[in-house]
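Engineer: Before I ask anything, here is the structure I am working with.
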Amino acid sequence: MQYKILFVDDDEALIKMLKSYFSLKGYAVEAAYNGLEAIEKVKENPDIVLLDINMPGLDGLSVCRQIRDQISCPILFLTAKVEEQDRVNGLLLGGDDYVLKPFSLKELEARIIAHLKREERHRGNSSYRFHDGLMIDYSAKRVELHGEVLNLTKTEYGIIEFLSMHPGQVFDKERIYEKVCGYDGEGDSRGITELIRRIRNKLAEHTQTEYIETVWGMGYKWKS
(Lines give C-alpha, C1' and ligand atoms only; values in the text may rest on other atoms or scores of the structure.)
Protein backbone atom coordinates (compact mmCIF):
# COMPACT_ATOMS: atom_id res chain seq x y z
CA MET A 1 0.00 0.00 0.00
CA GLN A 2 1.33 3.43 -0.93
CA TYR A 3 0.67 5.96 1.80
CA LYS A 4 -0.08 9.58 0.98
CA ILE A 5 1.64 12.25 3.07
CA LEU A 6 0.64 15.91 3.08
CA PHE A 7 3.42 18.30 4.14
CA VAL A 8 2.33 21.84 5.02
CA ASP A 9 5.09 24.42 5.49
CA ASP A 10 5.94 27.83 4.07
CA ASP A 11 9.63 26.84 3.86
CA GLU A 12 9.95 25.85 0.20
CA ALA A 13 13.47 24.44 0.62
CA LEU A 14 12.29 22.16 3.44
CA ILE A 15 9.30 20.98 1.41
CA LYS A 16 11.56 20.22 -1.55
CA MET A 17 13.85 18.12 0.65
CA LEU A 18 10.94 16.25 2.26
CA LYS A 19 9.29 15.55 -1.10
CA SER A 20 12.53 14.19 -2.52
CA TYR A 21 13.28 11.96 0.48
CA PHE A 22 9.83 10.49 1.01
CA SER A 23 9.12 10.04 -2.70
CA LEU A 24 12.26 7.91 -2.92
CA LYS A 25 10.96 5.92 0.07
CA GLY A 26 7.82 5.06 -1.91
CA TYR A 27 5.34 7.50 -0.43
CA ALA A 28 2.92 9.62 -2.44
CA VAL A 29 3.79 13.14 -1.36
CA GLU A 30 1.59 16.23 -1.55
CA ALA A 31 2.62 19.71 -0.42
CA ALA A 32 0.93 22.92 0.65
CA TYR A 33 2.78 26.15 1.34
CA ASN A 34 0.18 27.98 3.41
CA GLY A 35 -2.88 27.30 5.52
CA LEU A 36 -5.50 27.98 2.88
CA GLU A 37 -3.80 25.65 0.43
CA ALA A 38 -3.64 22.98 3.15
CA ILE A 39 -7.39 23.15 3.70
CA GLU A 40 -7.90 22.41 -0.01
CA LYS A 41 -5.30 19.62 -0.09
CA VAL A 42 -6.87 17.64 2.76
CA LYS A 43 -9.83 17.00 0.44
CA GLU A 44 -7.52 14.51 -1.32
CA ASN A 45 -7.64 12.31 1.83
CA PRO A 46 -4.00 12.00 2.93
CA ASP A 47 -3.03 9.19 5.29
CA ILE A 48 -1.07 11.59 7.49
CA VAL A 49 -0.56 15.36 7.68
CA LEU A 50 2.60 17.14 8.85
CA LEU A 51 1.66 20.70 9.66
CA ASP A 52 3.95 23.63 10.43
CA ILE A 53 2.62 25.73 13.31
CA ASN A 54 4.30 29.05 12.61
CA MET A 55 3.06 29.96 9.15
CA PRO A 56 2.13 33.53 8.21
CA GLY A 57 -1.56 34.21 7.82
CA LEU A 58 -3.43 31.07 8.82
CA ASP A 59 -1.16 29.25 11.28
CA GLY A 60 -0.99 25.51 11.88
CA LEU A 61 -3.24 25.46 14.93
CA SER A 62 -5.95 27.34 13.02
CA VAL A 63 -5.63 24.92 10.11
CA CYS A 64 -5.93 21.94 12.47
CA ARG A 65 -9.09 23.43 13.97
CA GLN A 66 -10.66 23.70 10.53
CA ILE A 67 -9.64 20.34 9.09
CA ARG A 68 -9.96 17.98 12.05
CA ASP A 69 -13.66 17.34 11.47
CA GLN A 70 -12.94 16.59 7.79
CA ILE A 71 -10.24 13.95 8.29
CA SER A 72 -9.44 11.27 10.85
CA CYS A 73 -5.81 10.66 9.89
CA PRO A 74 -2.92 11.61 12.22
CA ILE A 75 -1.84 15.25 12.32
CA LEU A 76 1.76 15.94 13.38
CA PHE A 77 2.79 19.49 14.14
CA LEU A 78 6.17 20.74 12.92
CA THR A 79 7.61 23.51 15.07
CA ALA A 80 10.93 25.11 16.03
CA LYS A 81 9.83 25.25 19.66
CA VAL A 82 6.87 24.10 21.68
CA GLU A 83 5.66 25.70 24.86
CA GLU A 84 3.47 23.78 27.27
CA GLN A 85 0.40 25.81 26.32
CA ASP A 86 1.05 25.14 22.62
CA ARG A 87 1.11 21.41 23.35
CA VAL A 88 -2.13 21.65 25.30
CA ASN A 89 -3.81 23.70 22.56
CA GLY A 90 -2.65 21.28 19.88
CA LEU A 91 -4.06 18.29 21.74
CA LEU A 92 -7.37 19.98 22.36
CA LEU A 93 -7.67 20.76 18.67
CA GLY A 94 -7.09 17.11 17.72
CA GLY A 95 -3.35 17.02 16.93
CA ASP A 96 -1.48 13.78 17.55
CA ASP A 97 2.19 14.62 17.98
CA TYR A 98 4.87 17.30 17.78
CA VAL A 99 8.09 17.13 15.78
CA LEU A 100 10.70 19.69 16.78
CA LYS A 101 12.82 21.43 14.15
CA PRO A 102 15.53 20.75 13.23
CA PHE A 103 14.86 17.03 12.90
CA SER A 104 16.61 14.15 11.21
CA LEU A 105 14.82 12.60 8.27
CA LYS A 106 15.22 9.13 9.78
CA GLU A 107 13.57 10.22 13.03
CA LEU A 108 10.77 11.91 11.14
CA GLU A 109 10.20 8.79 9.06
CA ALA A 110 10.14 6.66 12.22
CA ARG A 111 7.45 8.85 13.74
CA ILE A 112 5.41 8.75 10.54
CA ILE A 113 5.67 4.96 10.34
CA ALA A 114 4.64 4.62 14.01
CA HIS A 115 1.51 6.69 13.49
CA LEU A 116 0.58 4.95 10.23
CA LYS A 117 0.95 1.52 11.86
CA ARG A 118 -1.20 2.65 14.76
CA GLU A 119 -3.90 3.74 12.31
CA GLU A 120 -3.73 0.37 10.55
CA ARG A 121 -4.19 -1.45 13.85
CA HIS A 122 -7.23 0.70 14.61
CA ARG A 123 -8.74 0.06 11.19
CA GLY A 124 -8.17 -3.67 11.60
CA ASN A 125 -10.08 -3.76 14.88
CA SER A 126 -13.69 -4.28 13.88
CA SER A 127 -15.03 -5.08 17.35
CA TYR A 128 -17.68 -3.24 19.30
CA ARG A 129 -18.20 -2.51 22.96
CA PHE A 130 -21.64 -2.08 24.52
CA HIS A 131 -22.23 -0.78 28.02
CA ASP A 132 -25.32 0.81 29.57
CA GLY A 133 -26.51 2.56 26.40
CA LEU A 134 -23.01 3.29 25.10
CA MET A 135 -21.75 1.72 21.87
CA ILE A 136 -18.15 2.08 20.66
CA ASP A 137 -17.41 1.06 17.08
CA TYR A 138 -13.63 0.66 17.05
CA SER A 139 -13.38 0.20 13.30
CA ALA A 140 -15.42 3.29 12.43
CA LYS A 141 -14.01 5.23 15.42
CA ARG A 142 -17.51 6.18 16.43
CA VAL A 143 -19.16 6.47 19.83
CA GLU A 144 -22.93 6.40 20.22
CA LEU A 145 -25.07 6.96 23.30
CA HIS A 146 -28.66 5.78 23.09
CA GLY A 147 -28.41 5.99 19.30
CA GLU A 148 -26.91 9.50 19.22
CA VAL A 149 -23.44 9.84 17.68
CA LEU A 150 -21.09 11.90 19.86
CA ASN A 151 -19.15 14.73 18.21
CA LEU A 152 -15.63 13.89 19.40
CA THR A 153 -12.22 15.11 18.30
CA LYS A 154 -9.73 12.47 17.24
CA THR A 155 -7.87 12.72 20.56
CA GLU A 156 -11.05 12.60 22.63
CA TYR A 157 -12.06 9.44 20.79
CA GLY A 158 -8.54 8.04 21.31
CA ILE A 159 -8.84 8.43 25.08
CA ILE A 160 -12.22 6.68 25.11
CA GLU A 161 -10.86 3.88 22.94
CA PHE A 162 -7.74 3.36 25.04
CA LEU A 163 -9.48 3.39 28.43
CA SER A 164 -12.47 1.31 27.28
CA MET A 165 -10.18 -1.40 25.91
CA HIS A 166 -8.73 -1.77 29.43
CA PRO A 167 -11.79 -1.57 31.71
CA GLY A 168 -11.01 -1.35 35.42
CA GLN A 169 -7.33 -0.65 34.81
CA VAL A 170 -5.95 2.63 36.19
CA PHE A 171 -3.71 4.80 33.98
CA ASP A 172 -2.01 8.01 35.01
CA LYS A 173 -2.14 11.08 32.79
CA GLU A 174 1.37 10.55 31.43
CA ARG A 175 0.55 6.99 30.32
CA ILE A 176 -2.66 8.14 28.63
CA TYR A 177 -0.80 10.88 26.80
CA GLU A 178 1.92 8.47 25.66
CA LYS A 179 -0.53 5.87 24.35
CA VAL A 180 -3.05 8.22 22.79
CA CYS A 181 -1.37 11.46 21.85
CA GLY A 182 2.22 10.91 20.92
CA TYR A 183 4.85 8.58 19.52
CA ASP A 184 7.22 9.26 22.41
CA GLY A 185 5.39 12.15 23.98
CA GLU A 186 6.09 13.59 27.38
CA GLY A 187 2.94 13.48 29.46
CA ASP A 188 1.02 16.70 29.69
CA SER A 189 -1.26 16.60 32.72
CA ARG A 190 -3.14 19.78 31.89
CA GLY A 191 -3.98 18.60 28.40
CA ILE A 192 -5.29 15.19 29.46
CA THR A 193 -7.27 16.66 32.36
CA GLU A 194 -9.01 19.13 30.05
CA LEU A 195 -9.69 16.50 27.39
CA ILE A 196 -11.29 14.14 29.92
CA ARG A 197 -13.38 17.02 31.28
CA ARG A 198 -14.65 17.69 27.75
CA ILE A 199 -15.39 14.00 27.16
CA ARG A 200 -17.40 13.83 30.39
CA ASN A 201 -19.38 16.92 29.43
CA LYS A 202 -20.25 15.41 26.04
CA LEU A 203 -21.30 12.13 27.65
CA ALA A 204 -23.33 13.99 30.30
CA GLU A 205 -25.49 15.53 27.57
CA HIS A 206 -26.96 12.06 26.97
CA THR A 207 -26.60 10.09 30.23
CA GLN A 208 -25.96 10.36 33.96
CA THR A 209 -23.71 7.30 33.87
CA GLU A 210 -20.03 8.02 34.53
CA TYR A 211 -17.92 5.85 32.26
CA ILE A 212 -14.55 7.39 33.13
CA GLU A 213 -13.75 7.31 36.84
CA THR A 214 -11.11 9.39 38.61
CA VAL A 215 -8.84 7.44 40.95
CA TRP A 216 -7.51 10.23 43.13
CA GLY A 217 -3.75 10.50 43.22
CA MET A 218 -3.38 7.80 40.55
CA GLY A 219 -5.23 8.64 37.35
CA TYR A 220 -8.31 7.45 35.47
CA LYS A 221 -10.03 4.18 34.65
CA TRP A 222 -12.91 2.99 32.51
CA LYS A 223 -15.82 1.76 34.60
CA SER A 224 -15.80 -2.04 34.42
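Engineer: Restricting the first residue to segment 98-112 and requiring it to be in contact (Cβ under 8 Å) with a residue 12 or more places away in the chain, which pairs with a second residue that is acidic (Asp, Glu) and assigned to a helix (DSSP H, G or I) meet a Cβ separation below 9 Å and a spacing of at least six or different chains?
Structural biologist: Pairs found: 98/86; 99/107.
Engineer: Kindly list, by first and then second residue, each pair from a residue in segment 194-218 that is part of a helix (DSSP H, G or I) to a residue that is among the basic types (Lys, Arg), limited to pairs with Cβ atoms under 9 Å and residues at least 6 apart or on different chains.
Structural biologist: Within 9 Å, the pairs are 196/173.
Engineer: Right, next: Any chance segment 136-150 includes a residue that's hydroxyl-bearing (Ser, Thr, Tyr) and at pLDDT below 85?
Structural biologist: For segment 136-150, residues hydroxyl-bearing (Ser, Thr, Tyr) and at pLDDT below 85: present.
Engineer: Then there's this: Residues that are in a helix (DSSP H, G or I) and either of a type in the set (A, V, I, L, M) or at pLDDT 85 or above (or both): does segment 80-88 have at least one?
Structural biologist: Yes, there is a match, as at least one residue in segment 80-88 is in a helix (DSSP H, G or I) and either of a type in the set (A, V, I, L, M) or at pLDDT 85 or above (or both).
Engineer: OK, next. Filter segment 137-160 down to residues that are assigned to a strand (DSSP E or B), touching a residue at least 24 places away in the same chain (Cβ under 8 Å) and open to solvent by less than 40 Å² (accessible area, probe 1.4 Å), then give me how many there are. Spell out how you get there, then give the answer.
Structural biologist: In the first step, residues of segment 137-160 are kept if they are assigned to a strand (DSSP E or B); the result is 137, 142-145, 148-149.
Right, trim to touching a residue at least 24 places away in the same chain (Cβ under 8 Å) and you get 145, 148.
Subsequent filtering for residues that are open to solvent by less than 40 Å² (accessible area, probe 1.4 Å) retains 145.
Count: 1.
Engineer: Ok, one more. Could you grab the pairs with beta carbons closer than 9 Å, sequence gap of 6+ or different chains, first residue in segment 66-84 and within 17 Å of residue 15 (Cβ to Cβ) and open to solvent by 20 Å² or more (accessible area, probe 1.4 Å), second one at pLDDT 85 or above and among the aliphatic types (A, V, I, L, M)?
Structural biologist: Listed pairs, sorted by first residue: 80/53; 80/100.
The values are calculated or read from the model by the stated rules, or taken from the named source; none is laboratory data. All figures in this text were calculated on a predicted structure; none of them were measured in a lab. For neighbour counting, all protein chains shown are included, and Cβ atoms are generated from backbone atoms with ideal geometry for every residue, glycine included. The accessibility values were calculated without ligands, DNA or RNA, using every heavy atom of the protein model including side chains. Shrake-Rupley method; radii C 1.70, N 1.55, O 1.52, S 1.80 Å.
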